[in-house]
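Here, each number is a calculation from the coordinates, and none is a lab measurement. This structure is a prediction, so every number in the text was calculated from the model and none was measured. Here the Cβ is made from the backbone with ideal geometry for all residues, glycine too, and neighbour counts use every protein chain on show.
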Amino acid sequence: MSEERKIRVLIAKPGLDGHDRGAKVIALGLRDEGMETIYTGLRQTPEQIVRAAIQEDVDVIGLSCLSGAHKYLFPRVVELLKEQGIKDILVIGGGNIPKEDIPFLKEKGIKEIFTQGTMVGEIADYIRKNVRTQATRA
Amino acid sequence: MSNDIEKIQKKKQAWEDKVLKPALEGFGLKESPTKSYTPADIEGFDFLSKVGFPGEYPFTAGIYAAQPGMPDPRVGRATAQRRSGPRAARLVRAAGYSGYGTAEDTRDYYKEMQKRGDRGGPNLAFDLPTQCGYDSDNPMIRGDVGKVGVTVDTLRDFEIIYETFQGETELDRIASNFTINAPANIIIAMYFALSEKRGIPLEKLRATPQNDILKEFVARGTYIFPPKPSMRMFRDSMVFLNKYCPRINITSAGGYHIRGAGATREQDLAFSMAILIAYLQEGVNAGLDIDSFAPRFTINQFGGSMEMFKEIAFHRASRRMYARIVKERFGAKSERSMLLRGGRMGAHIGCENTTIQRPLNNLTRSVIGAVASALSGGEGTAYPPYDEPLIMGRGLESSQLARDATRIVHYEAKLGEVRDPLAGSYYIESLTDEIEEAAQKELNKIETMGGAVASIENGYMQREVAKSAQARQRRIESGEDLMVGVNCFVSEDELELEIKHLVPPAYDPVRREQAEEKQIRNLTELKKNRDNRTVTQLLKELKEKAKKEDENLIPHFIECAKAYVSEQEMCDILREVFGEYEPVSL
C-alpha cells in the first residue's frame, strides 16, 4: 500500500466506427485526472478488447461506439470477460447511445453509460467511486 | 487614404480613452467584452483583388455570378401542386443522405420517397463493413451490418437498390451520390457494371463518389490501405473518370469531418487545402492537364461551428485560397478549375455542436447556421435536423422543420437577395484575411513536411486534431466555452424538454433488427450459386495487376463486379498487395 497504484483504464473502440474524437478526448482527459489510460485505436473486436484488458491489467474498460452497433458489441465484451472468469473490471460505455437502450445495456452488465455532453471530470469521479483497484482486490 | 487611416486611428484612440474607458469603469470591467472595427483594420484593402465580382476570380464573393438558390414555390393550396412538384428541372428535390439495412430495405425506402415526391437519384449511405471493405458474412464485423447505411457486398445489392430507379429515373436521368472512400473504385465499378447490364453508356452516367481517402486518416476513420497505395487508387479513378465519364465528379472532398473530429478553423482549412493539393498533384503527375480534371473536383462541406461571422469569413477565405492555389501553383487557365464547387450549403453549424440535452435547441442552432449559410454564399440551408444527435433520429418531422427553416430564410427573410452581403465590412474583410493567413501558415508547415500524405504518414495531422479536440473539451469543462443546456443553464429551474416523434420512422425498426441475418443469408446463397471458378481466376488476375503500379485497376474491378466477386474478396487481394494502414498512437 506504500505506493498507490494508479487506476488503469482501457479506452476501446469496438466495431468499425471511426468516430474517435470522444474516445481520444476521454483517454487524454482521464490521463489529466491522474489515471493511466490506454487507447486501443479503431476497429477492435470484443475478443481483442478483452485480450488487451487482460494483458494491460486494467481496472476499467471504457467502450465507445457511435454507429448504433452498441447493443451487440457492448454486451459481448462483458460476456467474454465472464467467460474468462473476470469479475473485477468495471465496464462503462459511451457514444451515440439512445436513451431507450440504456436499461438494456445496464442489464447486460455495462455499469454506466455516459452520453454526449458528459464532462470528463464526471466520468473520473464515477470511476474513482466504483472501481475496485488491485489494492482493494488483494 | 493613409492620412484618413491615421486620422481614424487617432480618433479611435481618443474614443477609447474618452468614451469606452469610462463606460467600462461604469460596468466595473477592465477589458471591453465587445470589439469594434474601422477602416484601419483593412488598410490597403483592394476590392478587385481581394473580393471581386461573384463568379469571377478570386471568387471570394461566390463561385457563381448568380445563384437561384431555391425552386419557385407554387403558391396556393397543397395537394395537387405537391404532386406536380417544383417547376425548374434542375432543382428537383433529390433524396437526402440515406441507406438502410439490406439492399431490399433501401430499395423500399427510396420507393417510398418517390411516392412522396422525390425525383432525384439516391444519395447512398453505406454501412461500415462496406466502407471498410468487409463482407456481411465476416464474423469479425458482427453488429455493424446494415447500420449507418446500406450494406453492399456484391453487384447483386446494387441491382436490387436500383430497381427503384428505372424509366423516368433511369441511370442516365438521375445523379447518384456514393459516400465511399477507401473502396470507392470498387463501388463505382459496381455501378459501371450495373449500367452496362442496363445498356447505359458510361459517358451518360452522372454521379459523385466522395472518394476523399486522405481525410479518412485524419477523421472518420474508414481507411483500409496505407496512404500511398490509397493515392494510387485515387489516381486510378481520376484517370478513368477523366477519360470515360465526363459527367461523374472525381471527388467530393471536404473539411467538415476534420473540423468535426476537433480541428480548429485554421487547421481545417489548411488540412483541406493540403489534401486537395495532393489530389490535384496526383492528376498532374499522371500526365493530365489541370484544366481537364480540376473542374470535376467538388467539395462536400467545409467548416462548421456556431460562430457565425467566423464561419462566413472562413468560406470567403476558402474560396479565395483554393482559387489562388489552382491558378498560381497549378497554372490553371480555365476559371472552372478554380471553383471550390459543390458546397452548396456554405457555412453551417457542424453536427458536433448539436446537443442531446433539450434537443429542440438544435433547431435554433441550425437556423443560425442557415443565416450563416445564406450570408456566406450558400443556399441558406438549415442543417442538421434537430434530432441529429439522437441517432435513431432524422425523423420526418425534423426534416420538415429543417426544410421549412431554409424556406423561411429564403422567402421570408430574403437573405438570398444579395451576393456576399458582408463584403466590405471592416470586420469581415479583416477576419477573412486573418483566417486565410493563419491557414496559409499552417499549410506551409505541412508543405515543409512533404505535403498531406507525408503529414498523415508521420501522424502530424491526426495528433494535432486530437490535441485541438482535447483543448476544446477543457474549455467546455472550465466553462470558457459555453453550450446551453450542457455546461450552463442546467439548474432545476430550467425545463427539460423532451421530444416525441409523431410520424413513424422511415425505416421500420423490425426490419432493422433483422437486416444483418437476412443479408448474411443472401450473401451465402449468392456465393454458392455464382461461377466460383471465374471468381478465383479473376482474383488471381487482380493480384497480378495490383502489383503493377502503373496498371489502372478499374476495368478489372468492373469485370470482377460482373462476376459477382464480393467487395471483401477484392479488398483482401489488395490488402495482400498494398498492406493495411496502421494508425499512429495518440
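Quick one, what does Rg over Rh come out to for segment A:8-129 if you take C-alpha atoms and the Kirkwood Rh? My calculation puts Rg/Rh at 0.91. Put in line by how crowded their Cβ is, counting other Cβ atoms within 10 Å and starting with the fewest, B:128, B:340 read B:340, B:128. With only Cα atoms counted, segment B:260-498 has Rg and Dmax values of 19.2, 66 Å.
Dipole of the protein assembly as shown computed with +1 at Lys/Arg Cβ and -1 at Asp/Glu Cβ about the Cα centre; of B:279, B:385, B:54, farthest Cα towards the positive end is B:54.
Per residue of B:139-149, other chain Cβ atoms within 10 Å of the residue Cβ number 6 on average.
Starting from the Cα of residue B:545, draw a straight line to each of the lysines and keep only those under 29 Å, dropping any in the same chain fewer than 8 residues away. Leaving aside lysines fewer than 8 places away in the same chain, those within reach of residue B:545 are B:197, B:204, B:215, B:228, B:243, B:527, B:528, B:562. Between the helical axis of B:265-285 and the dominant principal axis of chain B, each derived from Cα atoms, what acute angle in degrees is found, rounded to the nearest 10? Helix B:265-285 sits at roughly 50 degrees to that axis. Report, in degrees rounded to the nearest 10, the 0 to 90 angle that the Cα long axis of helix B:361-375 makes with the longest principal axis of chain B. The angle comes out at about 80 degrees.
Provide a whole-number value for the mean count of partner chain Cβ atoms within 10 Å of the Cβ atoms in peptide A:66-75. Averaged over the peptide's residues, the number is 5.
In terms of distances greater than 25 angstrom between alpha carbons, the cross-link table entries A:71/B:518; B:115/B:414; B:50/B:441 yield B:115/B:414. When A:87, B:11 are sorted by how many other C-beta atoms sit within 10 angstrom of their C-beta, beginning with the fewest, the order is A:87, B:11.
Select from B:32, B:3, B:19 the residue farthest towards the positive end of the dipole of segment B:2-44; place +1 on Cβ of Lys and Arg, -1 on Cβ of Asp and Glu, and compute about the Cα centre. The one lying farthest along the dipole's positive direction is B:19. Segment B:160-225 and segment A:1-40 have Cα centres separated by 38 Å. About the centre of its Cα atoms, chain A shows a dipole size close to 160 debye [charges on the beta carbon of Lys, Arg (+1) and Asp, Glu (-1) only; nearest 20 debye]. Residue exposure proxy: B:315, B:257, ordered by other Cβ atoms within 10 angstrom of their Cβ from fewest to most, comes out as B:257, B:315. Simple point charges give the picture: +1 on the Cβ of Lys and Arg, -1 on the Cβ of Asp and Glu, and for segment B:327-415 a dipole about the Cα centre of about 420 debye. About its Cα centre, the dipole of the protein assembly as shown is roughly 1240 debye, where the only charges are +1 on Lys and Arg Cβ and -1 on Asp and Glu Cβ.
Averaging Cα coordinates gives a centre for segment B:525-583 and one for segment B:1-33; these two points are 69 Å apart. Summed over qualifying helices (DSSP H, 4 residues or more, each -39500 (n - 2.57)) and divided by its residue number, the protein assembly as shown shows a 222 nm mean residue ellipticity of -14000 deg cm²/dmol.
Shape summary of chain B, radius of gyration then Dmax from alpha carbon positions: 25.2, 88 Å. The long axis of helix B:460-478 is offset from the longest Cα principal axis of chain B by roughly 50 degrees.
Within straight-line reach of residue B:21, meaning a Cα separation under 18 Å, sit the following aspartates and glutamates at least 8 residues removed in sequence or on another chain: B:31.
Considering only B:374, B:330, B:409, and ranking their Cα positions along the charge dipole of segment B:300-421 that arises from unit charges at the beta-carbon of Lys, Arg, Asp and Glu, the one farthest toward the positive end is B:330. Per-residue shielding of B:462-473, expressed as the average number of other chain Cβ atoms within 10 Å of the residue Cβ, stands at 4.
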